[in-house]
Every structure is written in structure tokens, then in C-alpha cells.
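Please read the structure below before turning to the comments.
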């Protein structure tokens with residue numbers, strides 16, 4: 001493989017593992033980095049409801065209640 005070859009970077013949601021789309025874009029609502037940085041807003045809302053947490057379990061960043069709606 002040519003080491004100079006360009007590779008497309010594909011970001012996926014850390015919850016559902018799907019790519020972002022124009023209808024369901026990916027967001028980065030906390031300070032996590034790398035492959036766990038992105039999440040769909042719907043996935044985040046569902047995770048927050050299910051976990052009953054108000055913060056990211058990985059980086060401890062507190063989410064604003066506004067993003068829960």
C-alpha cells in the first residue's frame with residue numbers, strides 16, 4: 001500500500017455506530033476526543049434518559065439540560 005495514499009476519515013456515532021447524515025448529523029457535546037468524540041443528538045438524548053446521568057461517563061463533562069429536549 002502506498003503510504004502517501006489519501007484515506008477518507010469516516011466518523012461514526014459512539015452509541016449506534018452509524019455515520020452522520022444531513023438529516024442526522026454527528027455532534028461532539030463533550031470534551032472526549034478521537035473515535036468516541038461524536039454522537040447523534042437522538043442517541044445522546046436516549047442515553048441520558050436511560051442512564052439517568054447528566055454528564056459524560058468518560059470525560060465527566062456535564063451536559064446542558066437543553067440538549068435533552
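The values are calculated or read from the model by the stated rules, or taken from the named source; none is laboratory data. Given the structure is predicted, the values throughout are model-derived calculations rather than measurements. Here Cβ is always computed from backbone atoms with ideal geometry, including for glycine, and neighbour counts include all displayed protein chains.
Observations on the structure shown:
This table checks each residue for (1) in contact with a strand residue (DSSP E or B) (Cβ under 6 Å, 6 or more places away or on another chain); (2) surrounded by 12 or more Cβ atoms within 10 Å (Cβ to Cβ); (3) within 29 Å of residue 8 (Cα to Cα).
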{"residue": "21", "(1), (2), (3)": "no, no, yes"}
{"residue": "31", "(1), (2), (3)": "no, no, yes"}
{"residue": "36", "(1), (2), (3)": "no, yes, yes"}
{"residue": "60", "(1), (2), (3)": "no, no, no"}
{"residue": "63", "(1), (2), (3)": "no, yes, no"}
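Residues checked against (1) in contact with a strand residue (DSSP E or B) (Cβ under 6 Å, 6 or more places away or on another chain); (2) surrounded by fewer than 16 Cβ atoms within 10 Å (Cβ to Cβ); (3) assigned to a helix (DSSP H, G or I); (4) at pLDDT 90 or above:
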position	(1), (2), (3), (4)
2	no, yes, no, no
5	no, yes, no, no
8	no, yes, no, no
14	yes, no, no, yes
44	no, no, yes, yes
53	no, yes, no, no
